[in-house]
1. Of the cross-linked pairs LYS172/LYS217; LYS35/LYS168; LYS42/LYS109, which ones have a Cα-Cα span greater than 32 Å in the structure shown?
2. Give the percent of DSSP beta bridges with both residues in the range 1-78 that are antiparallel, rounded to the nearest 5.
3. Report, in deg cm²/dmol and to the nearest 500, the calculated mean residue ellipticity at 222 nm for the chain, where each DSSP H run with n ≥ 4 adds -39500 (n - 2.57) and the sum is divided by the residue count.
4. GNM on the chain, C-alpha springs below 10 Å: top fluctuator among PRO210, PRO61, PRO127?
5. Return the single residue from ALA95, ALA71, ALA209 with maximal mean-square fluctuation; model: Gaussian network over the chain, springs between Cα atoms under 10 Å.
6. Output the antiparallel fraction of DSSP beta bridges having both residues in the chain, as a percent to the nearest 5.
7. How many angstrom separate the Cα center of the range 108-177 from the Cα center of the range 18-79?
8. Excluding ARG101 itself, what net charge comes from residues whose Cβ is under 14 Å from its Cβ, given Lys and Arg +1 and Asp and Glu -1?
Amino acid sequence: DVERPLAGRTVVVTAGGTREPLDPVRFLGNRSSGKQGIAVAKALSAAGATVRFVAAHMDQPAPEGVELSVAGTAVELRAAVREAVRGADGLVMAAAVADFRPAAYNDSKIKKTGDDGAPTIELVRNPDILAEIVAERRAGAELPEVIVGFAAETGDEAASVEEYGRAKLARKGCDVLVVNEVGEQKGFGRDENAATLLFREDAPGGPRAPEHVAGSKDDVARKVADVMGEAF
Ligand code: C5P
């Protein structure tokens, strides 16, 4: 089916940003809006896929027609993704997952002290969900055939956005890494996007050259859906 190349396929999409609680009223969060993940879910649905949508915190509603689960923290997102990937053909990790969480959760609101002092917040590492799942697949576990990660990168004097992306692709080991150039005008919360898709050398669908997409998050999403369709 040319119109619906993903008919019969199930794809898990994560979106939004995790929030790591410090106390009942405070958290460490990030500025992910959920827009890119929502766009990916819509593009996959339009291509005929069944979408399992794992939503962290988003500033807009989840798309319609998906199987929805919600996750607040990185640890919750990990559990939700593990559940969702069972029997799925693809995984797209568009969520911004916190790399660190507070080492301790305060059951009551952290209070100011009388002496002008301020607390020190100790952080611990969160699991890298994407890297973990890729490692388990490599070890033989039955996991999605096509795994796509997202990365926001900035270039500098030492290396370009694409070079940093390549290094991350190698580290994470996913099949496709969508590298977003972030800066003043691009990235978080915006509709416009410039992205480069980098492919693992032995990714499903064969080795392929990087692809650049300049345009909206919907354009990037359609490209991701196209690539998925070609991989199967
Ligand atoms: O290392 P970085 O955070 O840039 O990697 C981004 C990619 O890794 C995204 O696909 C994101 O969803 C995923 N990720 C993850 N678990 C983390 C951090 C990032 O799965 N703890």
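Each value in this text was obtained by applying a stated rule to the coordinates, not by laboratory testing. Everything numeric in this text was worked out from a predicted model, so none of it was measured. Positions of Cβ are generated from backbone atoms using ideal geometry, with glycine treated the same way; all protein chains shown enter the neighbour counts.
1. Details: LYS172/LYS217 23 Å; LYS35/LYS168 22 Å; LYS42/LYS109 39 Å.
Going by Cα-Cα distance, LYS42/LYS109 fall outside the 32 Å limit.
2. Details: 4 of 14 bridges.
Among the beta bridges of the range 1-78, antiparallel pairing accounts for roughly 30 percent.
3. Details: 5 runs with 60 residues, N = 232.
That comes out to -8000 deg cm²/dmol.
4. PRO61
5. Comparing ALA95, ALA71, ALA209 in the GNM, the peak value goes to ALA209.
6. Working: 18 of 43 bridges.
Percent antiparallel among DSSP bridges in the chain is about 40.
7. One Cα centre to the other: 16 Å.
8. Details: positive: ARG19, ARG26, ARG78, ARG125; negative: GLU20, ASP23, GLU76, ASP99, GLU122, ASP128.
Spelling it out: positives minus negatives among the neighbours equals -2.
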